[in-house]
Amino acid sequence: MIKLPLVDRLKFIVERQFVKGAGFQLLIVAAVIGLMALVGGIALRLGGAGESFFDAVWWAFLRMTDPGYLGDDEGAWRRIVSTVLTVSGYVVFLGALVAIMTQWLIARMREFERGLTPVAMRQHVVIVGWTNRTLPLLRELVGSERAREQFQSGFGIRRLRAVVLSENVSPAQAQALRVDSGLGRLARRVVLRFGSPLEEEAIHRAGCLNAAVVIMPTDFAGADSLVSADVATIRSLLSIDARAGRHGQEPPLVVAELQDIRRIDMARSAYRGPLEIVPSDDAISRLLTQNVLHPGLSAFYREVLTAREGNEILLRRAGNLAGATLKEATGQFPGAIVMGLVRKEDGEARARLNPPSSTRIDAGDKLVMLARSLADTLPAAAAGGRLPPIERGVPRRFGAQVGSKHRLLILGWNQRVPNLLDELASYGDRYFEVRLVSSSDIAMRREEIDRYSERAARVPVEHVRADFLLAGGLRAADLEGFTSVLLLASDRVASEEAADARTIVGHRVVEGLLAGRDKRPQILLELADAANEELARSAGVEAVTSPLVISHLLARIALQPAIRMIFDELFTVGGPEIEFRSPGYFGLSGDERFRDMEAAVAARGETLLGVRSGSDRKLALNPSRETHFLDGVQQLCVLTTVQASAH
């Protein structure tokens with residue numbers, strides 16, 4: 001055994017005391033000061049001073065702690081000892097004391113900044129995790145006046161406050177909140193708390209059990225992160241449920257994002273409270289498919305999913321309208337378009353969109369409306385403000401002819417491709433031919449597709465291994481005959497910024513190959529970074545920004561849980577769908593008033609939601625009924641009901 005020198009052993013003992021905190025540090029400094037006072041007192045008596053030992057020690061202590069005594073001493077020895085003690089006091093007493101107290105104060109401030117104190121809030125919103133969804137979620141919830149009104153209407157709380165539970169609380173996150181243009185001064189209503197939802201202490205710290213709603217988004221998914229992201233979400237649900245059970249409380253409403261739809265049953269079994277699940281891969285795949293089939297649809301969803309500006313889909317209880325028909329009720333909302341209703345059937349709420357105007361409203365129904373604010377969903381008080389009734393019959397819209405071919409070129413690969421192919425296969429009235437160009441391994445792709453579902457494996461896919469960004473990786477001939485070109489955000493790169501860089505550069509490559517051609521396929525981009533949405537929009541290309549879409553969905557469902565079934569109806573094959581039609585389809589010229597176009601569309605059993613007009617083909621949803629579009633209407637945005645295909 002090696003024995004350490006005495007000095008090293010003493011240094012180790014002192015070190016162990018110092019790391020115990022400010023209290024022990026002050027004790028050590030006090031001991032050193034006491035020792036120096038003893039030495040100073042002894043030194044004074046060695047010079048022949050007449051004071052007692054206690055008085056000499058007290059004299060030394062006063063010289064160390066108060067330099068004002070330095071000029072009172074007489075005699076060379078006394079002055080030498082006094083000067084040494086005063087200088088030592090500056091170093092040990094003042095210097096060490098200030099250093100210890102400053103260090104303690106900084107440590108306390110850092111502790112406060114980390115957010116370790118439990119929040120004293122009730123009926124607030126908890127967002128679990130700092131991800132690429134967090135800031136868009138906060139803009140939707142805290143930064144939107146309309147969202148705050150809906151929160152007050154739904155939960156009866158006047159002031160919407162949010163808590164973000166983050167594993168890496170830092171000044172950078174607080175600064176990001178303060179400088180965000182969508183939050184501004186309202187960032188003060190956002191509280192950061194440190195911790196993981198897997199820890200019960202963190203759940204208590206964020207006040208999850210006292211929250212009105214807990215939102216669980218996931219982050220940008222790398223190639224190997226799919227399982228861990230969903231498993232972490234399910235584990236968090238178990239933690240909240242277990243803590244609620246131990247405290248005898250009802251678990252709060254949770255709106256959770258899962259990347260893989262196949263794990264929904266697992267998540268529901270983990271949580272006994274109210275739970276709304278947004279399967280992000282499935283939602284994005286459905287939206288991409290809908291955009292491939294109906295070009296321009298992203299503009300509709302971009303507006304209705306956000307609560308900050310434009311129109312949104314709102315729900316309003318039937319109230320006094322119970323017993324009336326939709327024909328009688330719709331005229332009472334001059335600032336809104338009634339899309340349908342939500343009704344309980346066999347104990348389960350179901351959305352009935354684009355129903356006939358003869359449908360009678362029940363007492364428990366909720367009207368589904370496209371409106372700019374909650375105020376527009378209130379019935380008109382005066383009869384003069386009401387609209388003339390519109391007759392809407394049973395829709396006569398059929399799906400595409402069986403065998404309708406759609407050739408789709410997919411550039412890139414990510415974990416959503418098998419889900420996307422499965423969604424394409426669900427449209428049995430269409431025949432898709434897919435060419436998939438990616439640098440990823442072809443055997444891996446086929447294995448992932450086959451493992452996902454038999455339906456996805458039935459879609460004919462031509463696999464090409466190539467990097468479409470490299471010279472010669474993609475040729476003009478490769479684009480011949482395709483109906484649509486879809487550029488996917490890669491999940492094989494380190495960040496969403498890098499993924500979008502590849503997508504945007506790939507778009508420029510495709511545009512270069514299509515230059516000068518009369519016949520162009522539809523081009524659709526999937527973006528992973530919300531900051532690039534404006535860049536894609538300015539380039540005139542249609543884009544689906546995944547984190548924004550999911551953030552909007554999470555926020556809308558948190559405010560109005562029943563909204564989920566409406567988007568489920570609109571996103572999926574068959575039933576209600578949003579489509580764009582030419583005015584001539586309804587026997588219109590395009591220069592009529594909006595109310596006249598609305599009546600013509602209703603006569604075909606469909607609901608007119610807006611128009612595309614002008615040289616920029618900008619979508620105008622829910623305009624004034626008296627509006628004339630002088631620059632001409634190119635397309636009508638209608639809510640239709642797709643029935644069985646015509647053979």
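The values are calculated or read from the model by the stated rules, or taken from the named source; none is laboratory data. Just so you know, these numbers come straight off a predicted model, no measurement behind them. Note: ideal-geometry Cβ built from the backbone for every residue, glycine included; neighbour counts use all protein chains shown.
Tabulated data
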item	result
Meets criteria (touching a Pro at 6+ places or on another chain (Cβ under 6 Å) and assigned by TED's automatic domain parsing to the domain that holds residue 489) for residue 530	yes
Residue satisfying condition, being in a helix (DSSP H, G or I), touching a residue at least 40 places away in the same chain (Cβ under 8 Å), surrounded by fewer than 23 Cβ atoms within 10 Å (Cβ to Cβ) and among the basic types (Lys, Arg), within set 595, 556	595
So residue 470, is it outside any helix (DSSP H, G or I) and either without any contact (Cβ under 8 Å) to a residue 24 or more places away in the chain or on the phi > 0 side of the Ramachandran plot (or both)	yes
Matching residues, the range 598-647, being of a type outside the set (A, V, I, L, M, F, W, C), part of a loop (DSSP other than H, G, I, E, B) and touching a Ser or Thr at 6+ places or on another chain (Cβ under 7 Å)	606, 631, 632
Residues of the range 473-494 classified as outside any helix (DSSP H, G or I) and exposed (fewer than 14 other Cβ atoms within 10 Å of the Cβ), total	4
Residue pairs meeting the criteria (Cβ under 6 Å; at least 6 apart or on separate chains; first part of a loop (DSSP other than H, G, I, E, B), in the range 428-439; second at pLDDT below 90)	429/399; 429/400; 429/402; 429/645; 439/467
Any hit, the range 485-498, residues being without any contact (Cβ under 8 Å) to a residue 12 or more places away in the chain and more than 23 Å from the chain's Cα centre (by Cα)	no
Residues satisfying the stated conditions in the range 419-447, i.e. more than 21 Å from residue 489 (Cβ to Cβ), buried (at least 18 other Cβ atoms within 10 Å of the Cβ) and of a type in the set (Gly, Ala, Ser)	425
Selection count where residues are assigned to a loop (DSSP other than H, G, I, E, B), surrounded by 15 or more Cβ atoms within 10 Å (Cβ to Cβ) and touching a strand residue (DSSP E or B) at 6+ places or on another chain (Cβ under 7 Å), scope the range 325-358	6
Only one of 181, 196 that is among the hydroxyl-bearing types (Ser, Thr, Tyr), surrounded by fewer than 16 Cβ atoms within 10 Å (Cβ to Cβ), outside any helix (DSSP H, G or I) and outside the structural domain of residue 532 (by TED's automatic domain parsing)	181
Helices (runs of 4 or more DSSP H) (entirely within the range 55-153) containing at least 1 residues that are closer than 30 Å to residue 253 by Cβ	97-114, 134-141
Criterion: buried (at least 22 other Cβ atoms within 10 Å of the Cβ) and either outside the structural domain of residue 132 (by TED's automatic domain parsing) or within 20 Å of residue 521 (Cα to Cα) (or both) - qualifying residue of 411, 470	411
Candidates 125, 91, 84, filtered to the one that is surrounded by 16 or more Cβ atoms within 10 Å (Cβ to Cβ), out of contact with any Asp or Glu (no Cβ under 8 Å at 6 or more places or on another chain), of a type in the set (A, V, I, L, M) and free of Cβ contacts under 8 Å to residues at least 60 places away in the same chain	84
Selection within the range 572-583 - at pLDDT below 85 and within 17 Å of residue 285 (Cα to Cα)	572, 573, 574
Among (1) in contact (Cβ under 8 Å) with a residue 60 or more places away in the chain; (2) not assigned by TED's automatic domain parsing to the domain that holds residue 409, the one test that residue 522 misses	(2)
Within the range 559-577, tally of residues that are among the aliphatic types (A, V, I, L, M), buried (at least 19 other Cβ atoms within 10 Å of the Cβ) and outside any loop (DSSP other than H, G, I, E, B)	4
Residues that are at positive phi and touching a helix residue (DSSP H, G or I) at 6+ places or on another chain (Cβ under 9 Å), drawn from the range 536-590	575, 587, 590
Selection within the range 448-463 - closer than 24 Å to residue 473 by Cα and either in contact with a Pro (Cβ under 8 Å, 6 or more places away or on another chain) or surrounded by fewer than 18 Cβ atoms within 10 Å (Cβ to Cβ) (or both)	448, 449, 460, 462, 463
Boolean, residue 287 is out of contact with any His (no Cβ under 8 Å at 6 or more places or on another chain), closer than 20 Å to residue 565 by Cα and surrounded by 20 or more Cβ atoms within 10 Å (Cβ to Cβ)	yes
Filter pass, residue 265 being acidic (Asp, Glu), within 28 Å of residue 214 (Cα to Cα) and more than 22 Å from the chain's Cα centre (by Cα)	yes
Qualifying residues in the range 598-617 (those that are without any contact (Cβ under 8 Å) to a residue 60 or more places away in the chain and not acidic (Asp, Glu)) - the one surrounded by the fewest Cβ atoms within 10 Å (Cβ to Cβ)	615
Filter result (assigned to a loop (DSSP other than H, G, I, E, B), within 22 Å of residue 297 (Cα to Cα) and not charged (D, E, K, R)) within the range 495-532	521, 528
Residue check for residue 243: touching a Cys at 6+ places or on another chain (Cβ under 8 Å), of a type in the set (Lys, Arg), more than 27 Å from residue 639 (Cα to Cα) and in a helix (DSSP H, G or I)	yes
Any chance residue 396 is under 30 Å from residue 524 (Cβ atoms), modelled with pLDDT under 90 and outside the structural domain of residue 586 (by TED's automatic domain parsing)	yes
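Condition check ((1) under 30 Å from residue 424 (Cβ atoms); (2) within 26 Å of the chain's Cα centre (by Cα)) across all residues:
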| position | (1), (2) |
| --- | --- |
| 544 | yes, yes |
| 553 | yes, yes |
| 565 | yes, yes |
| 570 | yes, yes |
| 579 | yes, no |
| 592 | no, no |
| 599 | no, no |
| 608 | yes, no |
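Listed here are the residues, each with its yes/no results for (1) part of a helix (DSSP H, G or I); (2) surrounded by 11 or more Cβ atoms within 10 Å (Cβ to Cβ); (3) modelled with pLDDT of 75 or more; (4) not assigned by TED's automatic domain parsing to the domain that holds residue 63.
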position: 10; (1), (2), (3), (4): yes, yes, yes, no
position: 15; (1), (2), (3), (4): yes, no, no, no
position: 20; (1), (2), (3), (4): no, yes, no, no
position: 28; (1), (2), (3), (4): yes, yes, yes, no
position: 31; (1), (2), (3), (4): yes, yes, yes, no
position: 38; (1), (2), (3), (4): yes, yes, yes, no
position: 41; (1), (2), (3), (4): yes, yes, yes, no
position: 45; (1), (2), (3), (4): yes, yes, no, no
position: 48; (1), (2), (3), (4): no, no, no, no
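Table: residues versus (1) in the same structural domain as residue 219 (by TED's automatic domain parsing); (2) out of contact with any Phe, Trp or Tyr (no Cβ under 6 Å at 6 or more places or on another chain); (3) farther than 25 Å from residue 237 by Cα.
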position	(1), (2), (3)
93	no, yes, yes
98	no, yes, yes
103	no, yes, yes
119	no, yes, no
134	yes, yes, no
143	yes, yes, yes
146	yes, yes, yes
151	yes, yes, no
165	yes, yes, no
